[in-house]
1. Please list, short to long, the whole-number percent of alpha-carbon pairs of the protein assembly as shown in consecutive 10 angstrom bins beginning at zero.
2. Out of all DSSP beta bridges with both ends in the protein assembly as shown, state the antiparallel percent to the nearest 5.
3. So what's the back-of-envelope 222 nm ellipticity for chain C, counting only DSSP H runs of four-plus at -39500 (n - 2.57) apiece and dividing by all residues, rounded to 500?
4. I want to check the label-to-label distance for C:Asn137 and B:Asp37. Put each point 7 Å from Cα in the C-beta direction and report it in nm to one decimal.
5. For region B:216-300, which trypsin sites (Lys or Arg not before Pro) are in a loop by DSSP, counting at most 16 other Cβ atoms within 10 Å?
6. Which one, B:Thr81, C:Phe225, B:Leu256, projects farthest toward the positive side of the charge dipole computed for the protein assembly as shown from Cβ point charges (K/R +1, D/E -1)?
7. Out of C:Gln339, B:Gln392, C:Leu52, whose Cα points farthest toward the positive end of the dipole of the protein assembly as shown (charges: +1 Lys, Arg; -1 Asp, Glu; placed on Cβ)?
8. Can you put B:His2, C:His177 in order, fewest other beta carbons within 10 Å first?
Amino acid sequence: MNIERHEIEKLATLSRIAINEETINQVSQRLSSVLELVDQLQAVDTSGVDAMSHPLQANQRLREDEVSEINQREAFQGIAPDTEDGLFLVPKVIE
Amino acid sequence: MHNLTIAELVQGLQSKKFTSVELTQHFLDRIAELNPDYNAVITVTAEQALKAATAADQRLAAGNAPALCGVPILHKDIFCTNGVRTSCGSKMLDNFIPPYNATVVENFEQAGAVVLGKTNMDEFAMGSSNETSFYGPVKNPWATDCVPGGSSGGSAAAVAARLAPGATATDTGGSIRQPAALCGITGLKPTYGRVSRWGMIAFASSLDQGGPMARTAEDCALLLNCMASYDDKDSTCIEREVPDYSASLNSSIKGLRIGVPKEYFSDGLNPGTETAVRSALAELEAQGAELVEISLPNSALSVPAYYVIAPAEASANLSRFDGVRYGYRCEEPKDLEDLYCRTRAEGFGEEVQRRILIGTYCLSAGYYDAYYGKAQQVRQLIQQDFATAFEQVDLIMGPTCPSPAFKFGSKGDDPVAMYLEDIYTIATNLAGLPGMSVPCGLVDNKPVGLQIIGNYFDEARMLNAAHQYQQHTEWHNAAPEGLV
Amino acid sequence: MSNWDTVIGLEVHVQLATKTKIFSGASTAFGAEPNTQACAIDLAMPGTLPVLNKQAVHYAVMFGLAIDAEIGKESAFERKNYFYPDLPKGYQTTQLEKPIVGRGQVEIQLADGSKKNIRIHHAHLEEDAGKSLHDGNFRHGVSGIDLNRAGTPLIEIVSEPDMTSAEEAVAFAKKLHSIVTSIGICDGEMSQGSMRFDVNVSVKPRGSDTLGTRTETKNLNSFKFMEEAIAKEVERQIDLIEDGGSVIQETRLYNGDTKTARSMRSKEEANDYRYFPCPDLLPVIVSDETIEQLRRSMPELPDARQARFVEQYGLSEYDAGILGSDAPMAAYFETVTDQSGNAKLAANWTMGELAGRLNNEDISIGKSPVSAEQLAGMIARIADNSISGKMAKQVFEAMWAGEGSADEIIEARGLKQVSDSGALEQIVADVLAANQAMVDDYINTDEAKRKKKLGGFMGQIMKASKGQANPQQVNQILLQKLNELL
């Protein structure tokens, strides 16, 4: 199975990873190799088999609705790349 | 002192043969001297360690010392440590100093352990050779031209080189057991949900599990006693009492039924490894265990299923690394998209990027059913294989890895060659079962591991079998030349 | 009559009135300083994990019970993947395959009195995103991210495309508002974004069975904007098609201030959300016992309350419809009625003077400057004839201005109505004596036209009594005295 260039570009956009022109062929080749591996799954008959999302049979625990967190803005923003007036700054968001 | 086990260190500290400060300084000196050869430790917290050791000595003197009081350990750099850089082996988090502790880190602090520093690892725990770390590869103390295994290669190499008597590690597809095998130490991946994942940086949430590494099963039991806990901050952590894993170590294994899956002794297995594993099984049989040949018919599917599920989960788990709130941010982004795309292209290494792309592919419109949906069904089949097997046997044993440590770069350009390294370990992660690796021989003077797989929450029985094996063999005491 | 049918479906985001976030113990209180209520989990710090808020689950179940829906006894969370700076994890934790609330329905009433059922496809639990601020004190060319709102629990209610006009859509939206505020799962504060509407609109040739291409106008936070946005979008689509063009499926934004809409910059691939089950959260089980417990403790629903208002207080259907649909207003009205003992006056004043004033000044009834107790005190004085309706308006104004209780204001301003007949007879007699010309004029006027002359005397008498004379009594005494002179 060979993954096509436009598919790589789409994956790169979806996952927000810039892929440069020099490496795109190599990326494509290596991804194709992995997809060849996982394509072994296609041959398996799984009719009637439930999908398994969790290794254990357990149910979600529920938390009481009580405030347990204190304001730690200073600590968190101390390790942030760019902040001002308590806000995290990013290049202008255009909707 | 560095040749003593944790059990012996605890005794030595409590009987005042040496102090924690002496012990801690000894290991810090060893790290300073030897670590440059192995690159196993990437952050040394000498000052904090000596401070903790001083406090531990006071508690030891006062006679109210908790279980691991004064014992030096290392944490894999995947566990968040308050005030200490937690990089996950990535440029993305090279500058990340978390303001909180992982539950595992808290548990060791409660138990009085002294943290010497943080160990190297494959970037975001993605790798089987430690070659993907931003901080450079870890070298195997048994043969420095060979890999230590991964992703917990730093922890494994550090324990093997006696830079610490024990270390924490994590295992998503074999990341505790494979490096333990390749470095000749003992490592245990507990049942999924036994150890809290809070503060443990996620790779694949439904597969990740923290566990201990040490030289002996007895020491792993001591570490697991502390590491395992119920944690209400982790929804997938199981509310179940933690037994004393040390209590049953000395039980007899007479009548223990050991399943030997025929699929684990197939063509790809190194003959030397096979011989070592078979003789370990013979040793256990000699002690009264019963060997039963079993079949895990869907074993071969575990690698392809894993390389859909793990990258899919990872692709979402790693989206938070976007250069907005913490971690790496690219220089001078020209707009928001540029900020995202360059931060992630520059901050993540090649293997991490590849897995994100694969995971994205498997979840994307039109492919979900064929890949992700299918893999989740195959996961069910793999779990059923084990359930059937455990109706007949108490433990399952076989090789941990297909062969001993390989040379750097020897897996070439094809990522799949590396992925097959985990062929015997991945299935237990998919099923959520506990697994461990115990040193059982040397091939070309490189260690080989015996893998022990248990039923859910049956870690005590696994440790018991491993300990009994180690009572009658010396492989766990073997050390790389010049390191004893 | 138009040649086109309009088809409208709504997705309604309702912020649940929990104290904490859906997956963390951080406060959800509105109006805090930026990022002071965003904890490690809300910021998606590495290694952090979600634990589900019990109250959020219970509130969602209560909504399901209120619309008579199937309750998802086993629901599950999934991850919806997309990058946006106000979405810290890079995915939204939401429900897709197994929502907590299944099919249900809501009855709406239209202006002409007709009723219609709107089907609910499902409602699911999810987390809210943070906010991007584009204009602040910060540098040019950047946006500021505030994550206080990130992780606030929401239910997203998805309707079937059962509405055919803006009026129906607004009636449906108002009914949902009424339901969620009545059962107390949402504060209903639209201006704070507690309820937001995404409107799917399409048009098709009149009578056609084939649906047209729809557009989605996102994030409308007032009924008025919603009505305007729908009207504009319907018009735009019809014009487009009639001019030979075609509608493209897109997401649009409506600006209520400029009354204009525009297409959001859309990326084709941005629509691939790659949903998959969230591995950090386990199946959510709601037991029959919990459902029954919640059912028993459910506050009164608006329809039941309206019926009760007619029955218990003798209100008209119309009045009961207004007072009963809004939970805080209903509670206010009932307090006023209980304390004043006069339902009719309580209804008139609550819907009239009070609601009008609150509406004008854009104040919610919960923050009314005049409390229900104060209004009840005033109504009691109207009912016992201590003050006239005209005086009551003055008293109301004074209460609004914070001058105290009705009795205090009546006392302070000397507003008390004079109902003592002796005193009133004296005032009337004095006025008649002082205005002999008017009296003569009255006597000489045709009997049929005399009534019109009474106003002049009344004005003089009220003036003489400084407006405090009880008008009904004065009227009686005046007529009696004038008749004696005939």
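We did not get these values from a lab; they are worked out from the coordinates using the rules stated. Treat the numbers as computed from the prediction; the structure is a model and nothing was measured. FYI the Cβ positions are ideal-geometry reconstructions off the backbone, even for glycines, and counts take in every protein chain you see.
1. Going from the shortest bin to the longest, the percentages are 2, 10, 16, 19, 16, 11, 9, 7, 4, 3, 2, 1, 1, 0.
2. Values: 89 of 108 bridges.
Counting only bridges with both partners in the protein assembly as shown, antiparallel ones make up about 80 percent.
3. So the helix-based figure for chain C works out to -12000 deg cm²/dmol.
4. In this crude label model, C:Asn137 to B:Asp37 measures out at 5.9 nm.
5. Working: sites: B:Lys233, B:Arg240, B:Lys254, B:Arg257, B:Lys262, B:Arg278; in loops: B:Lys233, B:Arg240, B:Lys254.
In loop regions of region B:216-300 (DSSP not H, G, I, E or B), the sparsely surrounded trypsin sites (Lys or Arg not before Pro) are B:Arg240, B:Lys254.
6. Value: C:Phe225.
7. Checked the options; the winner is C:Gln339.
8. Details: B:His2 18, C:His177 22.
With the fewest neighbours first, B:His2, C:His177 line up as B:His2, C:His177.
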